[in-house]
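All remarks here apply to the structure that follows.
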Amino acid sequence: MNKRLLGTLGFILPSIIIVGIFVYAFIAWTVGVSFTNWNTLLPDWSFAGFHNYMSLFSNNLRFRMDLINNFTFLPFFVIGTMVLGFFLATLLNTGVKFEGFFRTVFLLPMSISLVVSGTIWVWLYDPTNGAIDMLLKAMKLPTINWLGSMSFALPAIIIATIWQYTGFTTSIYLAGLRGIPQEIIEAAKLDGAHGLRLYWNIIIPMVQSSTVTAFVLMVQLSLQMFDIIWVMTSGGPAFATDMPAVYMFIASFKQNFVAQGAAIAVIIFLLTLAVVVPYLFTAGKITEEEL
Amino acid sequence: MKKVWVLVTIFALVASFTVIAATKFSIYDWWTAGGEKQAITAEINYFHQLYPNIVIAQNPVAGGAGANMHAVIKSLIFAGLPPTTFQVHAGWEMYEYTKAKLLDPITNLWQSEGWTKVFPKKIEELCSYDGKFYAVPMDVHRANMLWYNISIFKKLGLKVPRTFEDLISVMKKIKTAGYIPLAVGDRYQWPAAMVFEEGLLAVAGPKTYDEFFEGKVNYSNPSVKKALEDFRDIMENYVNKNHASLTWDQACGLVANGKAAMTIMGDWANGYFMGLGLKANVDYGAVAVPGSQGVYNIVIDAFPVPKGLSKVQKEYAYDWLKTIASVKGQAIFNKIKGSIPARIDVPTTGFNTVQVNNMKELKTDILVSSAVHGSEAPAPFVTAWENALTVVQYHPSMSLEQAVNYLNAVNAQYLTPQNLSH
């Protein structure tokens with residue numbers, strides 16, 4: 001065996017082992033637990049087949065609500081962060097004054113812990129003395145009991161999470177926009193492409209890889225949404241903002257339904273895979289084409 | 001060579017940490033809010049005074065009324081690194097651990113210290129399992145309490161209600177006068193569940209209350225149904241609009257600053273009001289939830305000894321239990337916490353009027369235990385039940401019959417003889 005290969009292996013092996021144990025072995029462990037009867041405090045390894053999955057999909061009001069909420073949340077969150085992110089990145093890319101300052105402003109929310117921003121949003125949404133409420137009052141508009149109403153709690157959380165993550169998509173798009181060679185834009189302009197046409201035919205296709213990256217990350221984030229919901233509503237009122245990840249936590253740690261919690265985790269994992277696997281293929285294709 | 005020394009230092013550091021961890025007294029609790037934090041600090045200082053040689057590591061885990069801390073404890077015990085002792089609610093929350101054989105019995109300690117003579121029978125029951133003692137109570141909280149703002153009551157010329165029906169008619173008057181009748185902060189569902197639980201106790205009485213959580217009676221029982229109807233009425237018409245975004249202490253804050261007239265909360269609210277510098281019977285008043293006079297709905301914070309402790313650690317745990325069970329230990333903690341001593345022989349000096357009254361009533365009242373706080377019913381049921389209550393609370397279009405059927409199904413699913421055996 002040649003020395004170089006050995007050296008390479010020596011560097012990669014530790015991380016392979018660590019990732020193997022702490023990521024893949026635990027995924028396998030969770031999948032294993034989801035097929036047992038461990039719905040007590042102490043482990044019970046007896047085989048339960050698909051019982052934990054069946055009990056989630058049949059006659060479980062909470063899990064049904066969770067899926068509905070999650071798939072209502074997902075398109076709004078993903079499209080919201082991506083459109084806003086692209087818009088802000090475009091503005092930043094026009095050579096605006098104090099660009100660095102604005103970039104920091106947009107990126108700042110992302111660096112705040114979700115627990116902190118969740119708490120801030122709870123104050124903003126307060127129906128008796130919150131800032132949003134005062135604003136609505138000042139504009140002579142009817143006030144809304146955001147987090148306390150079945151119909152407004154989920155939109156309230158969507159707004160808060162879009163605020164939190166738009167900076168992230170902005171930075172992805174900004175990198176994409178900066179990567180477009182200036183000559184192409186110049187050439188397109190010479191050919192008479194201006195305004196929206198320039199964006200539609202040249203710029204948007206050129207940042208396709210950013211779009212794919214942002215899309216996958218945002219979908220994956222929205223399937224695993226936990227912290228901000230836990231802080232703002234803990235799934236309430238009456239499951240209006242409950243999501244699978246919240247239910248997973250409650251089932252595993254509060255109710256001691258460890259196997260059922262594992263089953264929920266596996267379902268979240270499969271849903272995420274359904275998005276990430278196609279991404280891996282397209283991502284490979286894009287780089288090949290670009291090469 | 002240098003590298004070798006770095007490695008040796010790291011190794012020595014790790015080794016010494018492990019040694020220290022094994023000889024430390026490590027205690028877990030969830031007391032992090034105003035009032036309760038000062039109380040546990042005072043108790044730990046007292047323990048340190050008595051045993052200055054013991055190194056204390058206090059590990060508070062905030063949130064979820066202990067749910068977050070129990071998640072930590074379970075993983076520590078499974079990993080073979082049990083803490084020296086931890087906070088647990090006596091009753092079902094503790095049974096979970098004893099059922100799984102994770103605690104060491106301490107019957108010998110109870111006998112040698114003569115504790116069987118100083119704690120009420122019901123409290124002894126909740127601290128024991130299968131004929132053995134497993135925990136020592138540090139305090140007794142009372143869940144069925146109504147707190148009210150005295151100046152609002154005076155201003156509106158209101159009398160403190162005596163029955164649950166009176167309570168609702170008083171709420172009507174307060175609402176007309178422009179105040180919030182009942183402050184609730186149910187961002188984490190349990191405070192709303194307490195409104196139902198204490199209402200149930202007041203409307204249906206202690207016997208039906210116990211039968212309800214034993215799965216013998218359900219919402220079809222006329223008095224339970226009435227309690228449910230009242231609960232929905234109160235939550236829809238008489239609570240603060242922002243109840244879903246507040247926590248229990250913020251709801252108490254509404255009473256303290258004169259925005260709300262009343263709140264239903266356990267007597268940890270007493271600790272909260274005292275912490276704000278308010279005076280019992282001057283600024284705020286407290287009575288048993290109207291209709292539940294003569295019944296004491298107890299919540300007990302207790303400390304057990306986990307299995308698998310080293311000999312030294314077990315000694316430390318015993319020292320701690322002796323400290324918190326002593327007359328002085330119980331007095332120090334409870335004066336600040338707002339609760340009362342679990343021992344019935346602690347002198348009343350230094351306690352506020354609410355506490356003195358409760359100390360008297362603990363000796364004479366019928367004792368029941370709180371389901372919301374994990375004593376009366378198993379945890380899987382409590383979570384499902386609290387959630388089910390929010391469903392009927394937020395669907396006013398659901399008829400009473402529909403609500404009864406829905407809630408009965410939840411009870412039937414969780415309160416099975418198998419789940420209730422212990």
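Yes or no, residue by residue, for (1) polar (S, T, N, Q); (2) touching a Pro at 6+ places or on another chain (Cβ under 8 Å); (3) within 29 Å of B:LEU420 (Cα to Cα):
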| site | (1), (2), (3) |
| --- | --- |
| B:ASP104 | no, yes, yes |
| B:HIS141 | no, no, yes |
| B:LEU158 | no, no, no |
| B:ASP166 | no, yes, no |
| B:LYS175 | no, yes, no |
| B:GLY178 | no, no, no |
- Item | Test: residue in region B:289-303 that is more than 14 Å from every other protein chain (Cβ to nearest Cβ) and surrounded by fewer than 18 Cβ atoms within 10 Å (Cβ to Cβ) | yes
- Query: under 17 Å from the mean Cα position of the chain (by Cα) and more than 13 Å from chain A (Cβ to nearest Cβ) - does that describe any residue in region B:375-385?
  - Reply: yes
- Query: Residues in region A:1-11 that are open to solvent by 80 Å² or more (accessible area, probe 1.4 Å) and assigned to a helix (DSSP H, G or I): how many?
  - Reply: 5
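Listed here are the residues, each with its yes/no results for (1) away from every other protein chain (no Cβ under 14 Å); (2) open to solvent by less than 20 Å² (accessible area, probe 1.4 Å); (3) of a type in the set (D, E, K, R).
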site	(1), (2), (3)
B:GLU93	no, no, yes
B:PRO105	yes, no, no
B:MET138	yes, yes, no
B:HIS141	yes, yes, no
- Just name the residue that is farthest from the other protein chains (Cβ to nearest Cβ) out of those in region B:238-252 that are within 20 Å of the chain's Cα centre (by Cα) and open to solvent by less than 10 Å² (accessible area, probe 1.4 Å). B:CYS252
- Message: Suppose we keep only residues that are within 14 Å of chain A (Cβ to nearest Cβ) and open to solvent by 20 Å² or more (accessible area, probe 1.4 Å) within region B:182-211. Which one would you say is farthest from the chain's Cα centre (by Cα)?
- Response: B:ARG187
- Message: I'm trying to understand the selection: among the residues of region B:392-407, which are open to solvent by 10 Å² or more (accessible area, probe 1.4 Å), aliphatic (A, V, I, L, M) and within 12 Å of chain A (Cβ to nearest Cβ)?
- Response: B:MET398
- Message: For A:PHE269, only one of the following conditions fails: (1) modelled with pLDDT of 90 or more; (2) within 14 Å of chain B (Cβ to nearest Cβ); (3) not in a loop (DSSP other than H, G, I, E, B). What is its number?
- Response: (2)
- Message: Looking at (1) buried (at least 21 other Cβ atoms within 10 Å of the Cβ); (2) in contact with a helix residue (DSSP H, G or I) (Cβ under 6 Å, 6 or more places away or on another chain); (3) in a loop (DSSP other than H, G, I, E, B), which one does B:HIS373 not meet, given that it meets all the others?
- Response: (2)
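Based on what the data block shows, is A:LEU174 in a helix (DSSP H, G or I), in contact with a Lys or Arg (Cβ under 8 Å, 6 or more places away or on another chain) and in contact (Cβ under 8 Å) with a residue 40 or more places away in the chain? First the steps, then the outcome.
Details: in a helix (DSSP H, G or I): yes; in contact with a Lys or Arg (Cβ under 8 Å, 6 or more places away or on another chain): yes; in contact (Cβ under 8 Å) with a residue 40 or more places away in the chain: yes.
In short, yes.
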- Return the only residue of A:GLY49, A:GLY118 being out of contact with any Gly (no Cβ under 7 Å at 6 or more places or on another chain), open to solvent by less than 90 Å² (accessible area, probe 1.4 Å), assigned to a loop (DSSP other than H, G, I, E, B) and not charged (D, E, K, R). A:GLY49
- Message: Looking at A:GLY236 and the list (1) open to solvent by 10 Å² or more (accessible area, probe 1.4 Å); (2) farther than 24 Å from A:GLY167 by Cβ, which single condition is not satisfied?
- Response: (1)
- Would you be able to tell me the number of residues in region B:324-345 that are open to solvent by 10 Å² or more (accessible area, probe 1.4 Å) and among the β-branched types (Val, Ile, Thr)? 4
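The values are calculated or read from the model by the stated rules, or taken from the named source; none is laboratory data. Everything quoted here is computed from the prediction, not taken from an experiment. Every residue, glycine among them, receives a Cβ derived from its backbone with ideal geometry; neighbour counts consider all protein chains shown. Note: accessible area is taken over every heavy atom of the protein model, side chains too, but ligands, DNA and RNA are not part of it. Shrake-Rupley method; radii C 1.70, N 1.55, O 1.52, S 1.80 Å.
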